[in-house]
Amino acid sequence: MSQKYTEENIPKYCQNIGHYSDKLQYGEATFWERLKLKMHILYCERCKKYNTKNSLLTDIFKKKDYNVLDIKDIEEIKEKVNTDH
């Protein structure tokens, strides 16, 4: 059974790493943030999975021009994100 993650049950440092991952997708992460992210995901499986899915979503949206999403597009994105790599 899959565990639902909420702010209350994710360590603060992992929350920071998630923020660094988000910043990285927009090219806003500093050198130290990128380094902390790379080091952390070496041993934290949860953050590694988040970072992988975050990168995948960014790639999906870069490849296709999404102005308005219809149901088919949403399902296609869900399928791509939820398949484990």
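Among the residues making up the range 1-39, those that are modelled with pLDDT under 90, within 21 Å of T58 (Cβ to Cβ) and hydroxyl-bearing (S, T, Y) are Y5, Y26. Residue count for the range 57-79 satisfying the condition of being among the aliphatic types (A, V, I, L, M) and either touching an Asp or Glu at 6+ places or on another chain (Cβ under 8 Å) or surrounded by 15 or more Cβ atoms within 10 Å (Cβ to Cβ) (or both): 2.
The values are calculated or read from the model by the stated rules, or taken from the named source; none is laboratory data. Remember, predicted model here, so these are calculated numbers, not experimental data. Neighbour counts are summed over all protein chains in view; Cβ atoms, including those assigned to glycine, are modelled from backbone coordinates with ideal geometry.
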